[in-house]
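**Student:** My questions all concern the structure below.
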Amino acid sequence: MTALVIHGHFYQPPRENPWTGSIEREPSAHPDHNWNERIHRECYRANAFARVVDDYGRVERIVNNYEHVSFNVGPTLMSWIQLNDPEAYEQILAADRASAAARGGHGNAIAQGYNHAILPLCNDRDRRTQIRWGIADFRHRFGRQPEALWLPETACNATTLDALIDEGMRYVILSPYQAERVRELGASHWSDVSAGNIDPGHAYAAFHGDGSGRSIAVFFYDGPISRSIAFEGSLATSQAYVARLAQAHGGPGRLVHIATDGESYGHHTKHGNRGLAHAVIHEAPAHDFTLTNYGAFLDHHPPRMEVQIKAGPGGEGTAWSCAHGVGRWYRDCGCSGGAAEGWHQAWRQPLRSALDYLRDVIAMRFEETRGILFRDPWAARDGYLAFTLQRSDATTSDWLEDQAGRGLALPERATALAHLELQRNAQLMYTSCGWFFADISGIETVQVMKYAQRALALLDELDLDGPREQFLDQLAQARSNLPAMGNGADVYRRFVDPLRVHPQRVGAHIAISSLVDDSRPTGTTAGYRFRARSLRRQRHGRLIMATAHIELHERAMEKRFDLSVAAMHFGGVDFYCVARPFEGEHRFAAAAARLWASFRTASLPVILRIAQEEFGPDEYGLESLLPEGRATITAMVLGNIVGNFTQEYTRLYETNQRVLEMLQSAGLEFPPELLAAAEFTFSRRFEQAIREANGSHLPQSYPLAVQIAQEAKRRGFHLDLTNSLPIMTKTLADAAAEAVADPIPERVDQVVALTQLVRRLGMERAMDRAQEIVDRVLPREATGSAARALRTAFGMVSATGESSRLIRGIA
């Protein structure tokens with residue numbers, strides 16, 4: 001049989017605000033909050049729980065695709081998945097463990113360069129750190145040493161290969177168009193394969209440039225097949241997918257392998273995760289393929305040939321997504337994504353030059369800590385990622401003192417950590433997506449500027465005179481394709497400057513939030529632990545006022561801040577807050593007493609003047625809120641407005657309901673304006689009916705929801721399920737978990753009835769999580785009436801002895 005390796009490169013650029021650690025809403029990702037959430041739903045989680053269905057649409061089994069394919073998941077993406085979907089995260093880790101057990105210790109997962117920087121364009125120190133951080137992150141998550149590291153964009157040159165060998169990597173995956181020439185091991189004659197005509201059916205050895213004889217195995221994936229699957233529709237069905245793989249030259253001892261973005265399986269190709277699941281379980285074995293991974297294949301088929309890769313222009317390397325070496329990430333080479341006719345990418349060079357300038361200033365300042373804060377600053381940086389992944393209050397002091405070679409006072413510890421955070425942001429600002437697309441004003445490019453802003457702020461905090469103006473002068477040379485955007489410096493001032501977070505802003509955010517949601521006196525926000533002491537909150541008429549002594553603990557750098565704050569809400573969008581450094585309990589008590597003495601009797605101008613005198617001078621308003629507090633404030637401020645809109649839309653629909661029904665009966669189309677009013681009204685009513693059921697597992701709790709859904713269906717109205725679907729998903733999952741844990745007949749009957757209700761409501765998607773629970777606890781082979789009833793209710797096949805023809809055109 002022919003060995004088959006399917007590699008998926010699963011990656012999203014880091015999207016977090018570097019000040020707050022949270023991802024702000026991205027409207028283009030609707031109905032999800034941001035693109036990480038959307039692609040996770042369509043792809044990352046979907047591949048952890050991929051459905052194989054039969055001809056009738058019933059779920060045959062739920063497959064963890066990661067258990068069957070070679071894969072890498074970007075470290076920053078893995079961090080996000082761990083935080084936002086621990087269940088999917090554990091499935092990914094479990095897949096690696098299972099594959100390692102089945103394949104002689106060779107797990108399917110491999111590491112990745114940490115934040116997807118283009119390694120050939122890094123200087124030697126940064127390249128080493130990117131590799132070491134990628135390995136450290138992998139080791140922390142998967143509990144073993146990786147055998148390989150995915151090179152972002154497969155960008156590679158001889159120096160990068162040498163660095164991988166130095167770090168103990170066993171193999172690497174490249175594009176066939178990156179190979180220059182090959183020869184038999186020990187032979188003298190080279191064969192030219194620079195046209196992409198290298199045989200992908202076996203591994204090649206690439207030797208270290210130092211003449212030591214050390215080498216790394218190189219796998220060149222099948223370019224035409226990978227391209228057809230990623231871009232030409234070969235993933236439309238599982239049959240077509242494996243038939244395309246079968247066109248490769250296979251046979252005993254040979255390898256057929258492809259590499260694509262993992263997002264092909266569910267995001268770029270709808271239900272591609274299902275097609276992949278069916279392919280690996282049924283179609284591949286039927287075509288005499290044995291699924292494996294590169295490490296297991298190498299055990300039996302070590303390289304017999306040597307390869308030299310292309311040097312690229314100026315020796316800077318090549319990549320799979322640029323026909324001009326690695327030009328896409330530093331010059332106007334002609335490669336871009338989403339560019340309009342006549343657009344240029346000449347902005348790339350000034351952007352990289354500005355970042356290089358900032359990086360070098362930061363490096364010079366970091367080197368100055370040698371012998372003062374660190375014995376070897378660069379060794380400390382290389383170890384910083386592993387430290388942060390396992391960091392605790394108990395380990396911080398020991399690790400820092402080990403790096404310093406002596407004990408450190410608290411201010412020295414804070415300074416050392418600030419330098420390391422500075423270096424972390426200096427790495428993140430080279431994330432490759434910043435150059436990949438069409439314009440300097442794109443969200444990916446703005447993101448790398450955010451890390452530059454954080455680095456500049458840290459320089460200022462360290463009293464090292466951050467070179468902001470020189471940095472902006474260089475950014476100003478990067479001209480946008482959109483006249484309204486100006487240049488890179490304009491983009492920075494417009495989109496990046498407003499993001500800056502400092503302790504006073506955090507304090508203002510906490511104080512303003514306390515006016516509307518009775519916030520807890522302790523918590524975390526924007527990388528700070530906080531405690532609101534002496535918090536007093538009171539309403540008088542429309543005015544709400546709060547005062548507090550707020551303690552902040554900045555976790556990354558272990559800095560502490562104390563603030564005195566006073567905040568007021570005058571109604572609507574009128575918020576006011578003042579803050580100053582805390583000056584002691586006696587001073588705070590006196591200031592608060594004077595302000596509260598004026599609260600009930602003084603005029604607003606007087607109250608504002610006293611607040612400014614006692615708690616100022618720094619002033620903040622609604623614009624100072626951090627992203628995590630905006631939803632609460634918005635709901636409070638706009639609640640009445642939305643309610644009024646809802647009532648008006650409802651009145652508009654009900655007033656004209658008879659006319660609308662007559663129009664429909666006559667076969668006439670609704671005017672778009674009236675259709676919008678009708679669908680808005682029905683969707684809001686439906687959501688309210690679902691909420692009022694309060695997660696009940698009793699179908700009889702949803703009569704109004706059923707009535708609305710049926711009427712909407714009869715009228716041909718589309719119900720917006722954005723808010724109601726998550727509620728019903730949780731309800732079904734909770735009900736399923738209870739039923740499989742204690743499958744008494746009454747509870748099973750209740751769940752069966754609930755699934756029937758969900759179908760009547762047109763919310764079949766709400767069954768996904770419940771299906772996964774049922775399949776995990778009651779697999780297809782489970783016996784008993786309860787197991788069969790539950791699997792049948794959730795549209796899942798039971799092993800009843802009857803044959804079930806598997807669908808071929810699943811995607």
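**Student:** With a ≥ b ≥ c taken as the square roots of the eigenvalues of the C-alpha gyration tensor of segment 459-500, please select rounded if a/c is under 1.5 and otherwise prolate if a/b is larger than b/c or oblate if it is not?
**Tutor:** Taking the square roots of the gyration eigenvalues as a ≥ b ≥ c, segment 459-500 is oblate.
**Student:** Residue by residue through segment 445-458, what is 3J(HN,Hα) from phi via Karplus (6.51 cos²θ - 1.76 cosθ + 1.60, θ = phi - 60°)? Round to whole Hz and write x for glycine and proline.
**Tutor:** Karplus-based 3J(HN,Hα) across segment 445-458 equals 6, 4, 4, 5, 5, 4, 5, 5, 4, 4, 5, 4, 5, 5 Hz.
**Student:** Another question, then. Quick one: accessible area per residue over segment 291-361, 1.4 Å probe, rounded to a whole number of Å²?
**Tutor:** Per residue, segment 291-361 has 40 Å² of solvent-accessible surface.
**Student:** Round to a whole number: what % of the accessible area of segment 458-591 belongs to carbon and sulfur, probe 1.4 Å?
**Tutor:** 47 percent
**Student:** Here is a further query. Under the Karplus relation 6.51 cos²θ - 1.76 cosθ + 1.60, θ = phi - 60°, what is the ordered set of whole-Hz ³J(HN,Hα) values for segment 464-469, x standing for Gly and Pro?
**Tutor:** Values per residue, Gly and Pro as x: 10, 6, x, x, 4, 5 Hz.
**Student:** Follow-up question, since we're still on this one. Just flag the chymotrypsin sites (Phe, Trp or Tyr not before Pro) in segment 142-238 sitting in loop per DSSP whose Cβ has no more than 16 other Cβ atoms within 10 Å.
**Tutor:** Hits after loop and neighbour filter: Trp190.
**Student:** Give me the Kirkwood hydrodynamic radius of segment 181-293, using the inverse of the mean 1/r over all pairs of distinct Cα atoms, in Å to one decimal.
**Tutor:** Radius from the Kirkwood sum: 15.8 Å.
**Student:** Among 191-197, 588-594, 342-348, how do they line up from the highest to the lowest mean number of other beta-carbon atoms within 10 Å?
**Tutor:** Answer by packing, highest mean first, reads 342-348, 588-594, 191-197.
**Student:** How large a share of the accessible area of segment 1-127, in percent, is made up of carbon and sulfur atoms when the probe is 1.4 Å and the other protein chains stay in place?
**Tutor:** Result for segment 1-127: 50 percent of the exposed heavy-atom area is carbon or sulfur.
**Student:** At a temperature of 37 °C and a viscosity of 0.692 mPa s, determine how fast the chain diffuses translationally according to Stokes-Einstein, using the Kirkwood radius over alpha-carbon pairs as Rh; express D in µm²/s, rounded to the nearest whole number.
**Tutor:** 109 µm²/s
**Student:** Long-range amide H contacts for Trp150: which residues qualify at under 5 Å (H placed 1.01 Å from N, peptide plane, sequence gap of 5 or more or a different chain)?
**Tutor:** For Trp150, the qualifying residues are Ala111, Gln112, Gly113.
**Student:** Okay, next question. Would you mind getting the accessible area per residue of segment 519-570, heavy atoms of the protein chains only, 1.4 Å probe, in Å²?
**Tutor:** 46 Å²
**Student:** Per-residue counts of other Cβ atoms within 10 Å, averaged by peptide: what ranking do you get for 613-623, 426-436, highest first?
**Tutor:** 426-436, 613-623
**Student:** Work out how far the C-alpha atoms of segment 1-97 reach from end to end along every principal axis, then list the three figures in whole Å, largest first.
**Tutor:** That gives 52, 31, 21 Å along the principal axes, largest extent first.
**Student:** Tell me, what is the per residue accessible area of segment 63-210 in Å², probe radius 1.4 Å?
**Tutor:** For segment 63-210, the solvent-accessible area averages 32 Å² per residue.
**Student:** Cα atoms only: what Rg and Dmax, in Å, come out for segment 311-365?
**Tutor:** 13.4, 43
**Student:** Amide H neighbours of Met796 under 5 Å, counting only residues 5+ apart in sequence or on other chains, H built in-plane at 1.01 Å?
**Tutor:** For Met796, whose amide H was placed from the backbone, the distant partners under 5 Å are Val59.
**Student:** What translational D, rounded to a whole number of µm²/s, comes out for segment 497-610 from Stokes-Einstein when the hydrodynamic radius is the Kirkwood one over Cα pairs, at 37 °C and 0.692 mPa s?
**Tutor:** So the translational diffusion coefficient is about 227 µm²/s.
**Student:** What does segment 632-751 give for Rg and for Dmax, in Å, if only its C-alpha atoms count?
**Tutor:** That works out to 17.8, 53 Å for Rg and Dmax.
**Student:** Keeping the other protein chains in place, figure out the carbon and sulfur percent of the accessible area of segment 312-449, with a 1.4 Å probe.
**Tutor:** The nonpolar share, carbon plus sulfur, comes to 53 percent.
**Student:** With runs of 4+ DSSP H residues as the only contributors, calculate the mean residue ellipticity of the chain at 222 nm using -39,500 (n - 2.57) per run, divided by the residue total and rounded to the nearest 500.
**Tutor:** -14000 deg cm²/dmol
**Student:** Right, here's the next one. Short version: ³J(HN,Hα) in whole Hz for each residue of segment 71-83, in order, from phi by Karplus 6.51 cos²θ - 1.76 cosθ + 1.60 (θ = phi - 60°), x for Gly and Pro, what are they?
**Tutor:** So the Karplus estimates, Gly and Pro as x, are 7, 10, 10, x, x, 5, 5, 4, 4, 5, 5, 4, 6 Hz.
**Student:** Excluding same-chain residues fewer than 8 positions from Lys730, which lysines have a Cα within less than 28 Å of its Cα?
**Tutor:** Cα-Cα hits under 28 Å: Lys270, Lys713.
**Student:** With +1 on the Cβ of every Lys and Arg and -1 on the Cβ of every Asp and Glu, and nothing else charged, how large is the dipole of segment 301-427 about its Cα centre, in debye rounded to the nearest 20?
**Tutor:** 300 debye
**Student:** Taking the Cα centre of the chain as origin, sum charge times position over the Cβ atoms of Lys and Arg (+1) and Asp and Glu (-1), and report the length of that vector in debye to the nearest 20.
**Tutor:** 1060 debye
The values are calculated or read from the model by the stated rules, or taken from the named source; none is laboratory data. Worth saying up front: this structure is predicted, and the values here are computed from it rather than measured. Here the Cβ is made from the backbone with ideal geometry for all residues, glycine too, and neighbour counts use every protein chain on show. For accessibility, only protein heavy atoms count, side chains too; no ligands or nucleic acids. Shrake-Rupley method; radii C 1.70, N 1.55, O 1.52, S 1.80 Å.
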